[in-house]
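**Q** My questions all concern the structure below.
Only the coordinates and a few stated rules stand behind these numbers; no lab work does. All of these numbers come straight from a predicted model, not from anything done at the bench. Here the Cβ positions follow ideal geometry from the backbone for every residue, glycine too, while neighbour counts run over all protein chains shown.
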């Protein structure tokens, strides 16, 4: 039924395809979009970057099969990704898709970005001057005094945050807003009807797939891609320069590692990242899990959407 102003109601819930890297989230999102008359919204923070194609396993135009994709290639490698800016852009994209009576399908394994798009999540303001002062304190006195200060004002955040960047951010938030950083933790409450479909598989199989994928990336020219992006400012990007594969292959350009060593380091780092993703998404009881290798994957995903409960996969 049309809304006031001529906008059509969303045909169904927002669909978010989540889970660890290497499980085929992008492919399933395209299949769902084709089956449902939908469009895909990217929630992989590294696929925001123009030119970071091989190392992020970004679908080619041909692989997108005519399905519109939103929030791909929206940043230069020098730009820092912002969850709050993404939240605004993602929700605008979803509203635009729904206004045309189509399904919005999120695809990507960046957990915080998925929650920014789907959940009640408030982002506190920033103050560059306050942050610069705190960074100078950390440089001068070390992290210890800042960590102790955070423990006094926000013990919950202090117990969770161990790296300098996040401790400084927590102190900045308290100073700017007067509220503890922990008060801004997301709640498991959707802003609109949403269905999360999680893909996973046997861990040993996933590890093998990730190793094979890195080998394919190297064969497809990952080193050349990193070399080109370095000339465009990759090292200056606080987010892009830390991306899996890119950080490791920058050491090849520096002469500190051979291609084979960088590839192995990328495989190890990718497996570790996949483990963290599993931990993140498995902690959310709202995710409906499917074995990514089941031959009827699209049918099973559509069955979940229809309120049916496919047999749960056994993964380890």
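**Q** Say we join alpha carbon atoms closer than 10 Å with springs in a Gaussian network model of the chain; which of 20, 193, 285 then has the biggest fluctuation?
**A** 285
**Q** At 7 Å along the Cα-to-beta-carbon direction for both residue 187 and residue 273, put a label point, then send me their distance in nm to one decimal.
**A** 3.3
**Q** Based on the mean of other beta carbon atoms within 10 Å per residue, what is the order of 22-34, 251-263, most packed first?
**A** Answer by packing, highest mean first, reads 22-34, 251-263.
**Q** If you don't mind, another one. Taking 7 Å along the Cα-to-C-beta vector as the label spot, tell me the residue 135-residue 228 distance in nanometres, rounded to one decimal.
**A** Spacing of the two 7 Å Cα→Cβ label points: 3.0 nm.
**Q** Listed highest first by mean packing, meaning other Cβ atoms within 10 Å per residue, what order do 126-138, 65-77 come in?
**A** So the peptides 126-138, 65-77, ranked by packing, come out 65-77, 126-138.
**Q** Now, a different point. Taking the alpha carbon gyration tensor of the stretch 12-73, what are the square roots of 5 times its eigenvalues, largest first, to the nearest whole Å?
**A** 18, 13, 11
**Q** Return the single residue from 199, 59, 171 with maximal mean-square fluctuation; model: Gaussian network over the chain, springs between Cα atoms under 10 Å.
**A** In the Gaussian network model the winner is 171.
**Q** Provide the FRET efficiency to the nearest 0.05 for the residue 166-residue 207 pair, computing r from the beta carbons and using R0 = 41 Å.
**A** The value I calculate is 0.90.
**Q** Grab the Cα-Cα distance for residue 100 and residue 261, subtract it from 0.36 nm times how many residues apart they are, and report the gain in nm with one decimal.
**A** 53.1 nm
**Q** If you restrict to DSSP beta bridges whose two residues both lie in the chain, what percentage is antiparallel, to the nearest 5?
**A** Roughly 10 percent of the beta bridges in the chain run antiparallel, per DSSP.
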